[in-house]
Structure formats: C-alpha cells, structure tokens
Amino acid sequence: MTKVRHEFDLYGKHYALESGELAKQATGACLVSCGESTVLLTTVVSKERKDYDFFPLTVDFIEKMYAVGRIPGGYLKRESRPSEKATLTARLIDRPLRPSFPEGFRNEVQVVATPLVADQVNSVDTICVMAASAALTVGGVPFEGPLACVRIGRDVTTGEFVVNPTYEERDNSDLDLELAGSATFISMLEAGAHEISEEDMLAAMAFGQEAITAFCEEQQKFFQKYEEANGPIAKREYVLDEPIPEVHERVFAHFDDMSAALKDADKAARVGKVEELKESIRAEFSEDEQLEWSRPITVELKALEKHAMRLMVVETGERVDGRVANEVRPLMVKPNYLPRVHGSGLFQRGQTQVLSICTLGMLNEWQRLDTIEPVDGKRYLHHYNFPPYCTGETGRMGAPKRRELGHGALAERALLPVIPSEDEFPYAIRVVSEVMESNGSSSMASTCGSTLALMDAGVPLVRPVSGVAMGLIQEAGKTVVLTDIQGVEDFLGDMDFKVCGTTKGITAMQMDNKATGLTPEILRQALVQAHEGRMYILDTMLEAIPTPREETKDCAPKIISLTIPTDKIREVIGSGGKVIRGIQDDTGATIDIQEDGTVFIAGVADAANEAADRIKAIVKVPEPGEEYTGRVVGIQPFGAFVELLPGKDGLLHISRMAKGRVEKVEDVLSVGDEVRVRVLEVDEKGKVSLDRVDKPEVPTAERAEREPRPNRRTRRPGDNGGERKPRRRHESN
C-alpha cells in the first residue's frame, strides 16, 4: 500500500487527507488535519454478519491529552472515562454515518477517532466525519458517501458566515452551527445561537450545504490520487438482510389490523395492542418457520408497524393519537413544584413529563473541564436523567448514557444565551431535569422545565426559552411535517428536528434526518411550524410564571460581591487563614477571594451581610471626621491606643482624654474600656490621631481609686494576646 496525501485550502483554512502509512491492518484508515490539529480515523468491519435486527455501529472518540502537551490528571495519569465533550463528538460522527449504510447491513462496524494533535486554534470534531468517510471509502465499505461535516459561524461585526471558525473566531460569533451530510442532502444538524431568526438560520444552513459539497469534492480528488497509487478501490461484498417475499406477504396481510391497533392516544395501551397483534401474527407461523425465519419475521413486523403509521398520516392527516399535523399535545405547567429547593418546575406535554430542579451556588463551584479543547470550565450546567421507570421498564441505573449527555447538552445550549452574566448574577447554576414519563420530545420538555425552574429560582433570564420537536413523514409521494412528535413518530418517522428559542429568535437546534429529499422548502415549513408551536407553549408557561422572581428564595444562598484592595487580601485571609476561617465559622457564610480583589460571599438569611460587614471593617481606612466607638487595647505614658476596626488602631493622646490636665492615662482609661472617639488626622504612613468625644472631667485625687466603669467591656479570650490581666489598683492615702 502506497502512502497518499492530498492537501487543499477551503474557506481560508488548510486541510490534508492522508492514508496508507498508519493502521494498515484496519479495514480503512485516514489521517485528517486542519491547520496543525490532526486526527486518525480507523474503521473495522467484522467478517461475520451478526444475527441482529439492527445495524451494529459503534463510534468512539478517544481524547489523548498528549495532543495538547498535558499529562492527564488524577492518580493513574492515564486517559480513562471519556469526557462529555468526547462523548458528544462521538455522537457527532455517528449520526451522519448511521443512515448512510445500506438497509439490512448487519456486519459490526467500529469507528475510532484518535486526536493526535490539537493545536488549540482549530477544532478537531467536525473534520472527523470527513476522515471517517474517507476511511470507509478506501476500505471498500459500501455506504452512501462521501460525507462531510462543517461548522458555520457568523461574524458579529461583519455579519459574514465563516466555515470551520477557529476558537478565536467562534468567540466573535453569534452562531455555532454544525451540519453533516453528503453533497445532496443534510443528515445531521446541531446548533447554538444568540436568538437568530429563522430566515438567518435557513441562510446559514444553505451556506453550510455548499461547504459540505466542496469538502466532498475534495474527497473525490483524494480517492482519485489513492487509486492512481494503489489501483482501483474494490468494494467489499457483504451479505445484507434481504426480505423474504413469503414472510412479507403473510405479515403485511394484517395491514388493516395494525392500522387499527395504532389508533390510541395512550402510549401504554397502544404498545400493548401492537405487541399483542405482533405475537398473534408470529403465532401464524409454524415452529419450524419461526426458527428458520426468526429475524425476517421480526424485521417485517417492524416494517408493518412503520408503514401503517406513516400511511395513516399522509393519507388521512390523522396521527396515532388523533392530532392533526401542527397540533401540540395538552400541556401542564407547574412552577415552584418542590419546597426548600432553590427553584423547580414541572412541565408535561401529553405523556412526556419532566421535573427540573435549579440549584444556585458560589462561582467557585463551576465545573472545571479537563479536555483537549481550550476551555477551562463552565458556570451553567444542565444534567438530564432518563431512568427506566419513565417508560415503564426495568433497567440498570448508573452513569449517564450517550443519549442522556446529548439531550442535556442540547437543553444547556438552549438556555445558555439567556443566562445572565457573572456581574449581573454572580452564581454558579445547575439544573437537573428528571424525566418522569416519556413519550417523545423529553429533551424539549426538559428545556421548558429548566426555564420554569430558573425563573422560579429568581435567575434574571434575558428572555424565557421554550422548545418543540418536529417530525417528517415522506410516504407514497407525499410529505407531512409534524409538530410535537411523540415516540412512535420519532422511531418510525424520517426526521427528528428540535428547535428551541425565545420570542426574539432561535437559541438551539438539533436534527437527525433519514430522508434524502429534505428540501429548503421543507426546512422552511418545519421552522415556521416550530415557531408557532414553541410560541404556543411559551404562552402557556408565562401564564403560570410571567417573570423571574425578583429575589432568590430564602433557602437559596444570597451572594454578595465586593471589591477590596489587593494589598488588603492578606489581612482578610489572616495568618494561615485564621481571619477568614473565623468569619466563616462565626457567620456560617462561604467566602471566595479572587486574585484581583473581588470577594464573593454566600450565605443563607443574614449570614452573607454579616460576613460582608466584617470584611468591609477589615479593609476600611478611617478618614478624618469619622466617629467610632472603640476599645482601648493598649496604654502608654503619652496616650491610649484605641481599636477602631479589626486590626485598625488609633492614638488618643493624653491631652485629648478629658477636660483639664491628665496626670496619668490610667486615671482616665484602662485596657478594655470602650470610648467614643473622632478621627482627627491620618498621616501618610497611615497613623491615626484621635480626639475623645464628650470628654469627662479630670478625676480628683480623692477618686484616684475609681469604681469599675460601666462602659468597660469584659475582654474575650484571644484579645490582645490572651486573657486580660488584673489591673493593679492604687493604694489610698
């Protein structure tokens, strides 16, 4: 095998495709680069066909920290569990590849993406689809390629679209759109946006399709070079699952029965009827036939259900639950659903029910990310949980699966553009969406539920967000776009198109498409129906909670931010952290001090205010004219030192202690006495001169042995180095 390399420039970036040197024992391998970011894509197809009724495709994206010159954290110093970003990248590669394989392909396929270099300028995720397409092609694997994926940004200054923007360019973009597909159609879409209009989004999608076509053309040039060096690429032969005419005819003879079984708005009842019918059809085959045709029977039963559902929609305009194409299921919205939590909201659409809970915390509770991307972390988190009970099933409870991570990332992306800045709302924010029931569109229900929870928590959102999932049925030469799809319409339909946004525009989108005839007109209709649907849903939400709460709840931490001089940070922290720990222990507040002098204080009830007052007192510099009630902490022959603020003393000269001449300071004041003083002067070295307010008369000799003063305060342990020593009394004459 001869090494082949094809370099090209597109849209201001330099790319390269290479094959024939690395991983030659794989079915196919390709090295792809953008700038200096380089990824190795390998694909292996099993020699044996698996006895499955589905296509066994596995895609893994394995982050390597050496790609950015870092040693992995943790005890083992080895890459282990993939990060959330790695999982989402694997899904990004999987989704356009899966529908491109021929129907009935049952050989196991594993695609592994290994980033070798991440230059911290160019992202490595989107180029992986092009590399996977090239690896499959040079490996002779039959699929509908070539495929490519591009990221489309939009410069906020010029308004121009940018293909595969660098990280710096992404920071100056109000759009992050990822598109994948072939030269003729889009099969996968992910988007985050700052409230972009439907028209602008359609323009970006059209531009993205042009870019995908350009990358597919470059792949064709690469394949031509490959064949010139290594000979024609031979297509491997794989046995496909072919329908057996006899099985097809006997199963499809029950088409009317299946159509009747599907007409039920209740998911559990409908599934029960469909499964009962399938079992009765299966029972019509003899035991020998069931043994011989086990997989074909299962495949044909699925095909019967799919065909009956789709034909019902395009011919009658009626869906399995009786709705028309653009109708949203009944809604139930309940903010403030749970007591004691910082914010909560229950959102139900039909038989999909999600409870979202918001928790507020200190900014230092943000999530730190250890990935190959130049992103340190994030302060807004959304976690989506899909337990087996939400579909009436049993199953393993454990770490979130890929689907849960993907749905959580979509809801997080939808809300992120409307989350207030740190300056406006100095909190770390976590929302958890618990799916209680599921019959389709649970990710959109979690988006709506999250909006309710955030508003209930008093988070001042820029604008509330709602979302809806759109579907598509293309059957018998007819096309129908569906609003608010349920589970069966997702599984058996041609498209799952989720759209989230505000009254101003779109904030997030996600699409998986199995239909090759997805035209711009169909996309436009889907976006129009989505806008109508999400506005209807948003109106219902705002009836329950029109605006975010003006203040956070009493159970939530109150966070105060203040700024102190950087040269005062040491005083607030104290030796070994003694001062700051004392404030936290006394008040119950949590304190986080930044290097620039910004202080964040969190506490329930009055704890934050009390801690803030203590810190302000430490950094406070007395000014002339201010009055204080201070405590005498030291006595010298020339005067007394009075503590005005923690760590701040001033000198009250003996001449300013009383009316008349004072012979000895001890005749007027003692350590521990409280005295009202006024600041006279603060010199350039910070020394403070004081004057006593309401000076008393100088005591006479007969009153040399004075009674204890009522304003003298018992000293606390630790004041001025320990317990107060008894003061020696003067003997009387």
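What follows is calculated from the coordinates using simple rules that are stated; it is not laboratory data. This one's a predicted model, so the numbers in the text were calculated from it and none came from an experiment. Note that each Cβ is placed from the backbone with ideal geometry, even for glycine, and that neighbours are counted across all protein chains shown.
For Kirkwood radius over Cα pairs in Å, the value calculated from this model appears in [x] 30.7; [y] 28.9; [z] 31.6 under label [x]. If you take the square roots of the eigenvalues of the alpha-carbon gyration tensor of region 74-228 and sort them as a ≥ b ≥ c, do you get rounded (a/c under 1.5), prolate (a/b over b/c) or oblate? Taking the square roots of the gyration eigenvalues as a ≥ b ≥ c, region 74-228 is oblate. Helix 84-97 and the longest principal axis of the Cα set of the chain meet at an angle near 20°. A straight chain from Lys478 to Asp53 at 0.36 nm per residue would run longer than the Cα-Cα distance by 150.2 nm. An oblate overall shape is assigned to region 558-619, the ratio a/c of its alpha-carbon gyration tensor axes (a ≥ b ≥ c) being 1.5 or greater and a/b not exceeding b/c. Per the Debye calculation on region 331-544 with a single equal scatterer at every Cα and no solvent contribution, log₁₀ I(q)/I(0) for q = 0.09, 0.11, 0.19 Å⁻¹ amounts to -0.35, -0.53, -1.40.
From the alpha carbon centroid of region 155-210 to that of region 555-631 is 46 Å. Each of His14, His531, His382 was scored by other Cβ atoms within 10 Å of its Cβ. Arranged with the fewest first, they read His14, His531, His382.
Against the chain, whose longest principal axis is taken from its Cα atoms, helix 402-415 shows a tilt of about 60°. From helices alone, the chain scores -9500 deg cm²/dmol at 222 nm; the rule is -39500 (n - 2.57) for each run of n ≥ 4 DSSP H residues, then divide by the residue total.
Rounded to the nearest 20, the size of the Cβ-charge dipole of region 4-230 about its Cα centre is 1160 debye, with Lys and Arg at +1 and Asp and Glu at -1.
The lysine pair count for region 1-144, using Cα distances under 26 Å and pairs eight or more places apart or on different chains, is 12. Packing around the peptides 507-516, 545-554, 254-263, taken as the average count of other Cβ atoms within 10 Å per residue, puts them in this order, highest first: 507-516, 254-263, 545-554.
May I ask you to list the lysines whose Cα is less than 25 Å away from that of Lys558, ignoring any residue fewer than eight positions away on the same chain? Straight-distance partners of Lys558: Lys334, Lys378, Lys568, Lys578, Lys616, Lys620. The packing ranking of peptides 265-272, 151-158, 667-674, 134-141, highest mean first, is 134-141, 667-674, 151-158, 265-272, where packing means the average number of other beta carbon atoms within 10 angstrom of each residue.
The ranking of Leu538, Leu416 from fewest to most other beta carbons within 10 Å of each one's beta carbon is Leu416, Leu538.
Here region 331-544 carries DSSP beta bridges of which approximately 90% are antiparallel, counting only pairs with both residues inside. With the cut-off at under 20 Å, measuring from each backbone N in region 330-360 to a point 7 Å along the Cα-to-Cβ line of Ala269 picks out 330-332, 349-353. The stretch between Gln290 and Thr157 holds 41.3 nm of extra length on full extension. This uses 0.36 nm per residue minus the Cα-Cα distance. The slack between Arg282 and Ser561, meaning 0.36 nm per residue of separation minus the straight C-alpha distance, is 93.6 nm.
Just how far, in whole angstrom, is region 237-270 from region 21-90 if you go by their alpha carbon centroids? Here the answer is 37 Å between Cα centres. Packing around the peptides 492-499, 283-290, taken as the average count of other Cβ atoms within 10 Å per residue, puts them in this order, highest first: 492-499, 283-290.
So what's the angle, to the nearest 10 degrees on a 0 to 90 scale, between helix 198-230 and the longest Cα principal axis of the chain? The answer is roughly 60 degrees. If you sort the three axes of the alpha carbon gyration tensor as a ≥ b ≥ c, you get a/c of 1.5 or more for region 213-350 and a/b no higher than b/c, which makes it oblate.
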